[in-house]
Amino acid sequence: MRYLSTRGAADTPRLPFCDVLLAGLAPDGGLYVPESYPPLDLPRLRRVLADEGYAAVAYEILSSFIDDIPAEDLRRLCEKAYTAEVFGDAEIVPVSELGDGLWLAHLSNGPTAAFKDLAMQLLGQLFEYELERRQQTLTILGATSGDTGSAAEYAMLGKPSVRVFMLSPQGRMSAFQQAQMFSILDPQIVNIAVPGVFDDSQDLVKEVFADAEFKARHSIGAVNSINVARLLAQVVYYVVAWLRATTDDDQRVSFCVPSGNFGNICAGHIAREMGLPIDRLVLATNENTVLHEFFSTGAYRVRASSETYETSSPSMDISKASNFERFAFDLLGRDQELLRELFGQRLPGSGEFDLSGTAEFAAIPERYGFVSGASSHSDRVRTIREVSEAYGVVIDPHTADGVAVARGLVRDEPMIVLETALPVKFSSTIVEAIGVEPERPDRFAGIEDLPRRVIVLSGGVEQLKAIIESAS
Ligand SMILES: *Cc1c(COP(=O)(O)O)cnc(C)c1O
């Protein structure tokens, strides 16, 4: 299996997995994608899940995409990433039935209580393995509004070949998220609070990335959702959730995915292309409706940061959907030249392109299964309350966006909503909805009282570079 960039020129060599693992974004600005989607052997995977569990299914699926890590090593990395200790449950991703056709796939039992742990834990293992093999170290620099940063830090903890510098908007993450990140005292993990909004943090990261000499000297890399390894790791839980909700190999289900950067649902698209019997992929947004707008009108229009709302499902507050380019690539017949024009020229120029009226856009629901909807603060709060009253289950605000959209679209088959975080991360919205604090898993007892380490950055990019410099 080789990987190519969505914007690559025809003569660009295709790369093996481990090269794209460490590269992140392609040099031409595109995103790496596998050159094909290998078909799933569903009867075999059903047996593997029953006999050996989640990690073994992960190995089966990942080994069809990764052929430059010896099989026994890859199997061991999957076993280390997906343990009952780390995920608090031997099933790793349990699935439960709410009722009225609605199901939940519980993706948030990992160390930071958000679905990002599932991909990030594997990424941590892959990084450590490959850096060791190459005798290299890596400096991860990123910006987070909450979930990505903490998932990355917990995944890289205790891996001496990786250092993490994570920027976050000062005072903007939930109290729980701040406690989770800032209580990490490991010197390899450096938290940096930046006055301003998320985009101010993001801009500083971009400035450092733009300094090619500095970036190379400190071997700086990224762990954001455009990393192809994260995408592949996410395919696994679609398959496992389907296996757990069905008994028969041609039974269909639909998935509903609370979406921001299109990372999570892009893995659903890949699983469907690999032959998983997915009827519909329901994309749910909050008030930041860039993606709902595309799937309902055909116009993809990125927003200015001033047009991006701060909502009570903050991990879905995006101005553009960085992984959407991968779906657009497939939708447009994998035409790299066209992708270069749309994503390399039109979007940076006018901020939009429009596929309405094209045959490709019209074919989306039938060919790819996508439908979409949007949810608002009041939908979310009402949904949390109604789900709690009807089924006795408390869901987080992001999952509530999913349930709110999914409810109107249930058909005969199971509609599996991906639970993307635990309610404990966003307690103020839960209290608003049901009047009581969400349940707090034991492992998070008292984290607000732990000692903290965080640097407040007031001196802009020069200070940021100095911090990275002095830590090497
Ligand atoms: C990151 C995140 C999302 C959005 O996922 P994308 O891959 O960006 O679409 C939704 N919910 C939670 C809780 C998240 O952390």
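The values are calculated or read from the model by the stated rules, or taken from the named source; none is laboratory data. Everything numeric here is computed off the predicted structure, so don't read it as measured data. With ideal geometry, Cβ positions are generated from the backbone for all residues, glycine too; neighbour counts draw on all protein chains shown. Surface accessibility is based on the protein's heavy atoms, side chains included, excluding ligands, DNA and RNA. Shrake-Rupley method; radii C 1.70, N 1.55, O 1.52, S 1.80 Å.
Annotations
- Charge tally in the Cβ shell below 9 Å around Gly351, where Lys, Arg are +1 and Asp, Glu are -1, Gly351 excluded: +3
- When the Cα gyration tensor is reduced to axis lengths a ≥ b ≥ c, the ratio a/c is 1.5 or higher for segment 135-194, and with a/b above b/c it is classed as prolate.
- Ranked by how many other beta carbons lie within 10 Å on average, peptides 148-154, 25-31 from highest: 148-154, 25-31
- Cα-centred dipole magnitude for segment 332-396, charges only on beta-carbon of K, R (+1) and D, E (-1), debye, nearest 20: 120
- In Hz, Karplus ³J(HN,Hα) per residue of segment 252-258 (6.51, -1.76, 1.60; θ = phi - 60°; x = Gly, Pro): 9, 9, 10, 10, 10, 10, x
- Whole-Hz Karplus values for segment 40-57 come out as 7, 9, 5, x, 5, 5, 5, 5, 4, 5, 5, 7, 10, x, 4, 4, 5, 5 Hz, taken residue by residue from phi with 6.51 cos²θ - 1.76 cosθ + 1.60 and θ = phi - 60°; glycine and proline positions read x.
- Annotation: amide H of Val164 within the under-5 Å range of Ile140, Ile189, Val190, sequence separation 5 or more or interchain, hydrogens built in the peptide plane.
- Only Lys, Arg, Asp and Glu carry charge here, each on its Cβ (+1 for the first two, -1 for the last two); on that basis the chain has a dipole of about 540 debye about its Cα centre.
- Gain in span if fully extended, Asp412 to Arg453, counting 0.36 nm per residue against the direct Cα distance: 9.6 nm
- Reachable lysines, given that their alpha-carbon falls under 23 Å from the alpha-carbon of Lys465 and they are not under 8 places away in the same chain: Lys159, Lys206, Lys215
- The chain: relative contact order in percent, alpha carbon pairs under 8 Å with at least 6 residues between: 19
- Overall Cα dimensions of the chain - principal axes, largest extent first, Å: 59, 57, 49
- Sorting the segments 438-446, 316-324 by their residues' average number of neighbouring beta-carbon atoms within 10 angstrom, most packed first, yields 316-324, 438-446.
- Cα-based Rg / Dmax (Å) for segment 378-472: 19.6, 60
- 13 Å beta-carbon shell around Asp401, net charge (K/R +1, D/E -1): -2
- Anisotropy class of segment 204-327 from Cα gyration tensor, a/c 1.5 cut: oblate
- Excluding same-chain neighbours fewer than eight residues apart, the aspartates and glutamates reachable from Lys425 by a Cα-Cα span under 15 Å are Asp117, Asp147, Asp396, Glu437, Glu439, Asp442, Glu448.
- Distance between segment 107-126 and segment 13-46 - C-alpha centres, whole angstrom: 19
- Arg134 paired with Asp11, simple spin-label distance in nm, labels 7 Å along Cα-to-beta-carbon: 2.6
- Distances between placed amide hydrogens fall under 5 Å for Ile220 paired with Thr139, all partners being 5 or more residues away or on another chain.
- Sites Glu72 and Asp186, calculated FRET efficiency, Cβ-Cβ separation with R0 30 Å, nearest 0.05: 0.50
- Accessible surface of the chain, 1.4 Å probe, proportion on carbon and sulfur as whole %: 49
- Contact order, relative form, for segment 36-165: 17 percent (alpha carbon pairs under 8 Å, 6 or more residues apart, mean separation divided by residue count).
- Segments 336-348, 276-288 sorted - mean Cβ within 10 Å per residue, highest first: 276-288, 336-348
- Estimated from helical segments only, the mean residue ellipticity of the chain at 222 nm is -12500 deg cm²/dmol, where each DSSP H run of four or more residues counts as -39500 (n - 2.57).
- Here the gap between Asp89 and Ala363, fully extended at 0.36 nm per residue and compared with their Cα-Cα distance, gives a gain of 94.6 nm.
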